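The values are calculated or read from the model by the stated rules, or taken from the named source; none is laboratory data. What you see is a predicted model; the values in this text were computed from it and never measured. Neighbour counts run over all protein chains shown; Cβ positions are idealised from the backbone, glycine included.
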Amino acid sequence: MKEKRKFTLITTSGEISLDDRRRLNLLRRRFSEFWKNFEDLKSSGLNFNGQHVYDVKGQAKTLSSLGVSRYRVKGYLVDYRHFHAQGEPANFYGVVNLLKKSFRNPEAQSFLERVRDQWDEAGFLSGWHNNLPLDNIVDAVFKESIFHTHPTGQPMVRLADVEKVLSGDAIWFELTFMAYNRMLAIRNLNWSLDVIVDGGDELKVPV
């Protein structure tokens with residue numbers, strides 16, 4: 001998983017606290033498990049080739065198979081949730097914001113914004129979900145289909161709303177594809193932490 005690319009080292013604008021270092025180390029450990037999970041899925045036949053079509057009711061259906069069991073995919077999505085869920089120490093936005101506060105250098109800020117944009121742009125094909133907010137779709141599927149919890153309050157998007165525009169197979173295809181693309185954004189963030197997790201005070205930024 002080590003990547004060879006040219007980089008420069010940006011020194012922190014202030015001290016990185018012990019708690020923040022623990023959080024960054026946790027992100028690295030959880031990403032390692034996430035990546036291994038993906039590699040296992042790939043060796044088991046994970047497939048992203050295919051296309052969607054609309055049926056007569058306007059619901060998007062997938063013509064492709066992921067190539068692996070839905071139950072196996074659930075394990076991959078559970079690993080993804082560490083980076084998605086609010087309140088998780090490895091929450092992607094939380095870690096990016098932590099680093100943006102610690103590294104004020106314009107090059108570091110630009111890199112972190114590009115990684116954040118990569119995360120934001122990943123996932124559902126534009127139009128297939130009729131512009132339902134992606135993260136609300138993810139929350140609905142996680143709560144009601146993966147963890148089988150009863151939604152409380154008034155969630156913006158319910159699983160029933162998602163099922164009106166995406167078939168069951170399309171939901172699982174798009175969720176898995178989203179998690180894969182966001183995993184690539186996490187990989188870039190993880191790569192930048194090599195010096196920090198070894199006790200240093202410098203962020204790796206590609207040139």
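The set of residues in the range 10-62 being more than 30 Å from E163 (Cβ to Cβ) and not in a helix (DSSP H, G or I) consists of I10, T11, T12, S13, G14, E15, I16, S17.
Being modelled with pLDDT of 95 or more, touching a Ser or Thr at 6+ places or on another chain (Cβ under 6 Å), exposed (fewer than 14 other Cβ atoms within 10 Å of the Cβ) and over 20 Å from V141 (Cβ atoms) narrows it down to one of R22, R104, so name that one. So that I can check it myself, show each step before the final result.
Numbers: R22 fails: touching a Ser or Thr at 6+ places or on another chain (Cβ under 6 Å).
None of the other options fit; the residue is R104.
Going by what's in this entry, would N97 be described as at pLDDT 95 or above, farther than 23 Å from H52 by Cβ, under 11 Å from the mean Cα position of the chain (by Cα) and among the polar types (S, T, N, Q)?
Numbers: at pLDDT 95 or above: yes; farther than 23 Å from H52 by Cβ: yes; under 11 Å from the mean Cα position of the chain (by Cα): no; among the polar types (S, T, N, Q): yes.
For N97, the condition - at pLDDT 95 or above, farther than 23 Å from H52 by Cβ, under 11 Å from the mean Cα position of the chain (by Cα) and among the polar types (S, T, N, Q) - is not met.
Go through the range 189-207 residue by residue and tally those that are of a type in the set (D, E, K, R) and free of Cβ contacts under 8 Å to residues at least 12 places away in the same chain.
Taking the range 189-207 first, the residues of a type in the set (D, E, K, R) are 194, 198, 201-202, 204.
Subsequent filtering for residues that are free of Cβ contacts under 8 Å to residues at least 12 places away in the same chain retains 194, 198.
Of the residues in that region, 2 qualify.
Mind checking whether some residue in the range 62-81 is touching a strand residue (DSSP E or B) at 6+ places or on another chain (Cβ under 7 Å) and surrounded by fewer than 16 Cβ atoms within 10 Å (Cβ to Cβ)? I'd like the intermediate steps shown before the answer.
Pass one, the range 62-81, residues touching a strand residue (DSSP E or B) at 6+ places or on another chain (Cβ under 7 Å): 62-63.
From the residues that got through so far, the ones that are surrounded by fewer than 16 Cβ atoms within 10 Å (Cβ to Cβ) too are 63.
Yes, the range 62-81 contains at least one residue that is touching a strand residue (DSSP E or B) at 6+ places or on another chain (Cβ under 7 Å) and surrounded by fewer than 16 Cβ atoms within 10 Å (Cβ to Cβ).
Of the set (1) surrounded by fewer than 20 Cβ atoms within 10 Å (Cβ to Cβ); (2) not in a helix (DSSP H, G or I), all apply to L203 but (1).
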